[in-house]
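Below is one structure, written out as structure tokens, with a few remarks after it.
The values are calculated or read from the model by the stated rules, or taken from the named source; none is laboratory data. Values in this document were obtained by computation on a predicted structure and should not be read as measured data. Note that we place each Cβ from the backbone using ideal geometry, even for glycine, and neighbour counts take in every protein chain shown.
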Amino acid sequence: MYSIVTVKDVVRIPPDQFGSPIEEAAMIHLRKQHENVLDRDVGLMIAVIEIDDIGQGRLMPGDGATYHAVTYQVLVFKPVRHEVVEGTVVELMDFGAFIRMGPLDGLCHVSQICDDYIAQDQKTNTLLGKETGRTLGEGDMVRARVTSISFESGNRSGKLGLTMRQPFLGKIGPDHSWVEDDVKAARGEGKKKK
């Protein structure tokens with residue numbers, strides 16, 4: 001998910017910054033243009049880390065600025081399809097749960113929460129499984145799998161589809177953990193019937 005990527009681009013240095021070191025001026029503009037920006041190929045660019053190389057400047061007719069080819073390192077967040085991720089439920093709706101995984105949120109539709117009929121309990125603001133009794137509320141930690149990714153380049157909007165309908169996915173944590181229940185069931189340590 002997180003990685004450091006080498007990117008090549010061109011940076012524009014305006015005339016009012018000609019007196020400062022070229023690396024500092026270039027870093028200011030790279031951070032303004034690229035940090036917190038979503039790129040379809042690279043992912044969400046979180047931070048420009050360092051400049052590896054900055055080329056000689058070129059002038060363009062009608063513009064007093066110089067243009068420099070740069071190679072720089074960027075810390076990116078790029079989810080991968082079928083990857084298992086952990087996150088926190090940040091919002092519940094009648095159609096699903098929004099889960100925050102690092103700097104992005106994903107949607108787990110009610111049909112993908114668990115193998116049960118899910119209804120929203122308005123009083124407690126939780127999603128409740130009718131037969132299993134499993135509940136999901138805001139602040140719960142979950143483990144999910146990325147099923148779909150749709151990014152639009154140039155801004156921070158993107159859509160991530162998630163599922164928790166498979167064994168060993170779902171709510172995790174100190175109170176009732178669905179994953180621990182799945183592990184116990186796989187070992188044959190499920191609840192004993194009276």
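Quick notes on this one:
- Within segment 111-119, one or more residues are within 30 Å of Met45 (Cα to Cα), touching a residue at least 24 places away in the same chain (Cβ under 8 Å) and not assigned by TED's automatic domain parsing to the domain that holds Met45.
- Those residues of segment 15-45 which are surrounded by 16 or more Cβ atoms within 10 Å (Cβ to Cβ) and closer than 15 Å to Ile4 by Cβ, in sequence order: Leu30, His34, Asp39, Val42, Gly43, Leu44, Met45
- Of the set (1) out of contact with any Cys (no Cβ under 8 Å at 6 or more places or on another chain); (2) modelled with pLDDT of 85 or more, all apply to Ile99 but (1).
- Qualifying residue in segment 143-162 (condition: touching a strand residue (DSSP E or B) at 6+ places or on another chain (Cβ under 8 Å), modelled with pLDDT of 85 or more and not in a strand (DSSP E or B)): no
- The condition (being farther than 19 Å from Val179 by Cβ, small (Gly, Ala, Ser) and touching a Phe, Trp or Tyr at 6+ places or on another chain (Cβ under 9 Å)) is satisfied by just one residue among Gly57, Gly129, Gly106: Gly57.
- Among the residues listed as Asp140, Asp105, the single one being under 15 Å from Gly170 (Cβ atoms), of a type in the set (Asp, Glu) and either at pLDDT 90 or above or surrounded by 13 or more Cβ atoms within 10 Å (Cβ to Cβ) (or both): Asp140
- Long-range neighbours under 7 Å by Cβ, at least six apart or interchain, first residue on the phi > 0 side of the Ramachandran plot and in the same structural domain as Val142 (by TED's automatic domain parsing) within segment 83-106, second part of a loop (DSSP other than H, G, I, E, B) and at pLDDT below 90: Gly102/Met1
- Any chance Thr124 is of a type in the set (Val, Ile, Thr) and either in contact with a helix residue (DSSP H, G or I) (Cβ under 7 Å, 6 or more places away or on another chain) or at pLDDT 90 or above (or both): no
- Search result, residues across segment 11-34 that are at pLDDT below 90 and among the acidic types (Asp, Glu): Asp16
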